[in-house]
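Let me begin by presenting the structure, written as structure tokens, before commenting on it.
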Amino acid sequence: MRGEQDPERLEPDGYFGYPVDSGTGGYMDAQTATTLATLGENDEKWWDRLIAALEVTQRDTWAWANFLPVDHGANVLAFSSGFGDGLYPTYLGLDADGALCGFLTDFLVADPRPTSDPG
């Protein structure tokens, strides 16, 4: 959650998430986000390079890329996002010491209702 997000104000089935535009989501750290913001001002072709990287793995309904926008270690893990544009909840996984060890985004493509009576 970000500072202004209050879980007490969520509806029962509500969630916080990140917005997706152009049907592509991604993970990056804060330093890489700053790098991309700077690139956006100085390098108009970085987005074209990301699209080209996604096209390498393109399949009928999805694509992904481990995109390196610059040569000094910053990377973006970009991927197709479920049903396209929208707001998707993302969860952080912590290890036994409380350190961040994973991300999971729910692209809301699976119906949470059971498909049959288990009894």
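The values are calculated or read from the model by the stated rules, or taken from the named source; none is laboratory data. Bear in mind that the values here come from a model prediction, so they are computed numbers and not experimental data. Positions of Cβ are backbone-derived with ideal geometry, glycine not excepted, and every protein chain shown enters the neighbour counts. In case anyone asks, the SASA skips ligands and DNA or RNA and just uses the protein heavy atoms, side chains included. Shrake-Rupley method; radii C 1.70, N 1.55, O 1.52, S 1.80 Å.
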Query raised in the report: If you average 1/r over every pair of different alpha-carbon atoms in the stretch 32-94 and take one over that average, what Kirkwood value in Å do you get?
Result: 13.2 Å
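Set the Förster distance to 30 Å, then compute FRET efficiency between residue 22 and residue 115 from the Cβ-Cβ distance, nearest 0.05. Mind showing how you got there, number by number?
Values: r = 32 Å, r/R0 = 1.07.
According to the calculation, E is roughly 0.40.
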Query raised in the report: What number, in percent, do you get for the relative contact order of the chain if the mean sequence gap of Cα pairs under 8 Å and at least 6 apart is divided by its residue count?
Result: 27 percent
**Report entry** Per residue accessible area in Å² of the stretch 2-102, where ligands, DNA and RNA are left out and the probe is 1.4 Å
**Finding:** 71 Å²
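In terms of the Cα gyration tensor, with a ≥ b ≥ c the square roots of its eigenvalues, is the stretch 5-60 rounded because a/c is under 1.5, prolate because a/b exceeds b/c, or oblate? Could the numbers behind the result be given before it?
Values: a/c = 3.42, a/b = 1.64, b/c = 2.09.
Because a/c hits 1.5 or more and a/b fails to exceed b/c, the stretch 5-60 counts as oblate.
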Query raised in the report: Based on the alpha-carbon gyration tensor of the stretch 58-106 and its eigenvalue square roots a ≥ b ≥ c, which shape applies: rounded if a/c is under 1.5, prolate if not and a/b is larger than b/c, or oblate?
Result: oblate
Query - Apportionment of accessible area to carbon and sulfur, the chain, percent (1.4 Å) - result: 54 percent
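On alpha-carbon atoms, Rg over Rh for the chain using Kirkwood Rh? Can you show the working numbers first?
Working: Rg = 17.1 Å, Rh = 16.7 Å.
Across the chain, the Cα-based Rg/Rh ratio is 1.03.
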Report task. Return the distance in nm (one decimal) between the two label points of a simple spin-label model at residue 99 and residue 59, each offset 7 Å from Cα along Cα→Cβ. Result -> 3.2 nm
Query raised in the report: In whole angstrom, how far apart do the alpha carbon centroids of the stretch 67-119 and the stretch 3-43 sit?
Result: 13 Å
